[in-house]
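See structure below.
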Amino acid sequence: MKRIAFLSVLVAGLFALLPVFAGDFYINLGSQIMIAAVFALSFNLLVGYAGLTSLGQAAFLGLAAYLSAWLTTRAGLGHGSAALLSILGTILVAAGFGLIALRASGLGFLMITLALSQVLWGLAYRWVSVTNGDNGMTRLSRPQPLGISIDSAASFYWFALIVTLVSFILIAIFVRSAFGDSVTGTRDQSRRMSALGYNVWMIRWITFIYAGFWGGIAGLLYVYYNKYIHPTSLSITTSAEGILGVIAGGSGTLVGPIIGAALVTFLKNYVSSYLERWNMLLGFVFLIIVVVMPDGIVPGLHRLQAMWRARK
Amino acid sequence: MNASNVYALETIGLCKQFGGLPATQDVSIKVRPGERRLLLGPNGAGKTTIFNLITGDRPPDSGRIRLFGEDVTNLPTHQRAHRGMSRTYQIITLFPHDTLEHNVTLGLLALRSSRWNIFRPTSKDIHDEARRVLSLVGLEHLADRPIAEIAYGEKRRVEIAMALAQKPKLLLLDEPLAGLSSAERKSIKSLVASIPRETTILMIEHDMDTALDLAESITLLHYGKIIVEGTRQEVISDQRAREVYLGH
Amino acid sequence: MQFWIIQSLNSLALGGLLFLLASGFSLIFGLMRIANLTHGAFFMLGAYFGASALRSYPWLNFWIAAIGSGLAVAAMGGVLERLVLRRLSEKPLGQVLVTLGISFIISDACLVVWGGDPIPVSTPALMRAPTFLFGFAFPTYRLVLVGLAVVAAVALYALLDWTRLGAMIRAGVDDMQMTRAVGIRISRLFTAVFCLGAGIAGMGGVLGGPILSAYPGLDADMLPLALIVVILGGVGSLVGAFIGSFLIGFIYTFGSALFPDLAYVILFLPMIIVIAFRPQGLFGRRPA
């Protein structure tokens, strides 16, 4: 664990140098990658470690974002208390959603998480008096952690980098803890785990809430970065991008989702500058990854390499 | 209730139907502490169903289950494990990509409160204990190999080791000899024979010959009903037992 | 009083549409254990096919357009099942993600082909005049829609209960291993059911046209409704899909009319309540 912490701080230190060499475009891209990374890490807790495939993590991203936006603009709260209350609210909703979704498992769980997050999405669209509907909530501000402004691209980038580093380390600790061992156990043999004495439902529920927590953190980063929030943040497309990052990078590992999230963000930015067909491309990428490289890009490339060699 | 009257396991009138088909019909078993009881019967006799009812995998339609005097009929499976019940499965349900040591560690961790610790990794003493358990079954040399890489007979030994690691008061063995070569059977049999009397054993087997050595008393089942019960000698010489097996 | 009557009819009409959507989804999930997230897109695709056909060829009979769209969508569903889903038969998660990806592709393609403006579908000429019952004027088409849903329900029920295909489907839903063991050609069965489900959804899209039109985002609006109906009614249960559809139709219509902002929340309350007490839904055999 100490090794992971050391290496990740080192890597983060390297990435911190980016604003020295690159212009605002790439710095902002870096910030977007980090938001996507935290989101993908939260997704991976469920998909990769608990073996619970959810399609509704966007609910927590969007919920925290909307709560923060509403609390700072309509309720006049400062960013510190707004952030705290937003995350608290997100955790409570995650607990509630978990209670419902965990009545089923496998595909039923997936459908319920999808239905629940779509409900929040629909709520964001319709409850115009609170959320401003399709117009979204604009002209939001960024917080000033410890009095330091994060309005510039570089300063926000460093802020996001620190948050991402902390989230990575905390998630790594969780995954490698004794509890983490029980989580992966329920993924592999849930019946056996019950027979051994583990409360499988409780393990899953706690993990679900924890994943919701980190989804909320990603949501706060998201709303601070964009200074704007729109119902699309709660959409299935957002969840799809998140889960794509996880399966593209390789689920069940700590670093895989980060790499996958980076790839998806790159792809999205690249495509947006040339075409408007991101959704279609997202669909095709899903197809290709799932059919050709279901374990993720890294193992998939190894396999392609082996197949190519076998041809010769 | 006098302590010496408490049965390790008592089932009272257990009944279970699956879609109209009776799988278990009014099964009442009494197993004394330290006993080695064999649940015998041809395939389809409902032996695994009874196990599933005892462990809580499935709820009975009617009937009660008592573990050392305590009514556990409505207790969820994981809590029965905490009351001293352990089981092995007919089909290997180990964690295939994890090492042998990790598998046994999970078994040990299950009953400790440290399993809820979200900060600290599983403590070293649990890992050490896991290795000790593996050495008791002669598998310490494979401790760091993933389950998927070891032989079938060795996997069976890991299953039993995992269950024994929890020092259960009641051990349920579901066809522990299935699919093993005769040499492997011998080693499993001696392993089971060496289990201390603090652990009561209830075992399922459908092959009469191989299992008889391990059992002191036998409950013979057919179509979910108890046909004959008694000591080894009594059951073997019983006419009904021969009828049950004659058709097979 | 007028309000309640009209909303009730709207509820029934919506329920009927939902049944056309959800019955296919439930069958596919029940038999093939595939949560077909493309289902909303099938509905939308059918709507677009029908709407654009009727717009380009105004002489075209509405019902022919509906059936034709249904067949076209059924064919596409068959291609999807044979080329892609069958390859992933051991990976239910992969299947779901693929259907999700395909839904994105279809919805974006519809945007490209038909643009961002909704395409209205005119009510068939014979049904434009209102029907007078009990002194009230009812939009005739909605009455017809309810009738069609009942006909579809009866037809599906007949299919499942009286035909050999239906018997195979029921066997597969109940016990897949046994069905395979008995020697039934599962792969053909799967393709047939997937086409059937997709086709009904596609036809439903056109039949819903006079009420909903064809517009971008129709798939995203319909899919969660289908999910909620199936989760509430029970996976693989036709009765569950029927009752669930009309239950949701009523709750959604009245909810939207009385509490427009919170209609979506009201929508999922019955699902939560049902799941809390019966995880397998009202009529399901086992939990989803």
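The values are calculated or read from the model by the stated rules, or taken from the named source; none is laboratory data. None of these values were measured; they are calculated from a predicted model. Positions of Cβ are generated from backbone atoms using ideal geometry, with glycine treated the same way; all protein chains shown enter the neighbour counts.
Per-structure values
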{"read-out": "Search result, residues across the stretch C:252-288 that are more than 9 Å from chain A (Cβ to nearest Cβ), under 25 Å from residue A:104 (Cα atoms), among the β-branched types (Val, Ile, Thr) and touching a residue at least 40 places away in the same chain (Cβ under 8 Å)", "value": "C:274"}
{"read-out": "Residue within the stretch C:62-80 that is at pLDDT 85 or above, outside any strand (DSSP E or B) and within 14 Å of another protein chain (Cβ to nearest Cβ) present", "value": "yes"}
{"read-out": "Qualifying residue in the stretch C:29-37 (condition: within 13 Å of the chain's Cα centre (by Cα), assigned to a helix (DSSP H, G or I) and under 30 Å from residue C:175 (Cβ atoms))", "value": "yes"}
{"read-out": "Restricting the stretch C:99-128 to residues that are away from every other protein chain (no Cβ under 12 Å) and in a helix (DSSP H, G or I), the residue that is surrounded by the fewest Cβ atoms within 10 Å (Cβ to Cβ)", "value": "C:125"}
{"read-out": "Selected residue (criterion: farthest from the chain's Cα centre (by Cα)) from residues of the stretch A:120-133 that are free of Cβ contacts under 8 Å to residues at least 40 places away in the same chain and either assigned to a helix (DSSP H, G or I) or within 9 Å of chain C (Cβ to nearest Cβ) (or both)", "value": "A:129"}
{"read-out": "In the stretch B:132-188, the residues that are hydrophobic (A, V, I, L, M, F, W, C), surrounded by fewer than 16 Cβ atoms within 10 Å (Cβ to Cβ) and touching a residue at least 40 places away in the same chain (Cβ under 8 Å)", "value": "B:148"}
{"read-out": "Which listed residue, of A:195, A:211, A:218, is within 14 Å of chain B (Cβ to nearest Cβ), in contact (Cβ under 8 Å) with a residue 60 or more places away in the chain and buried (at least 24 other Cβ atoms within 10 Å of the Cβ)", "value": "A:211"}
{"read-out": "Hits in the stretch B:113-150 (condition: within 8 Å of chain A (Cβ to nearest Cβ), of a type in the set (D, E, K, R) and assigned to a loop (DSSP other than H, G, I, E, B))", "value": "B:120"}
{"read-out": "Qualifying positions in the stretch B:19-45 - without any contact (Cβ under 8 Å) to a residue 24 or more places away in the chain and in a strand (DSSP E or B)", "value": "B:21, B:30"}
{"read-out": "Residue within the stretch A:96-119 that is more than 12 Å from chain C (Cβ to nearest Cβ), out of contact with any Pro (no Cβ under 6 Å at 6 or more places or on another chain) and assigned to a helix (DSSP H, G or I) present", "value": "yes"}
{"read-out": "Subset of the stretch B:53-81 that is within 21 Å of residue B:198 (Cβ to Cβ) and among the small types (Gly, Ala, Ser) - its residue that is farthest from the other protein chains (Cβ to nearest Cβ)", "value": "B:69"}
{"read-out": "So residue C:265, is it of a type in the set (A, V, I, L, M, F, W, C), buried (at least 23 other Cβ atoms within 10 Å of the Cβ) and either on the phi < 0 side of the Ramachandran plot or assigned to a helix (DSSP H, G or I) (or both)", "value": "no"}
{"read-out": "Where residue C:96 falls short, out of the listed (1) surrounded by 19 or more Cβ atoms within 10 Å (Cβ to Cβ); (2) touching a Pro at 6+ places or on another chain (Cβ under 9 Å); (3) within 14 Å of another protein chain (Cβ to nearest Cβ)", "value": "(2)"}
{"read-out": "Identity of the residue in the stretch B:82-99, surrounded by fewer than 22 Cβ atoms within 10 Å (Cβ to Cβ) and either β-branched (Val, Ile, Thr) or more than 9 Å from chain A (Cβ to nearest Cβ) (or both), that ends up nearest to residue B:176 (Cα to Cα)", "value": "B:90"}
{"read-out": "Residue check, residue C:15 at pLDDT 90 or above and within 20 Å of the chain's Cα centre (by Cα)", "value": "yes"}
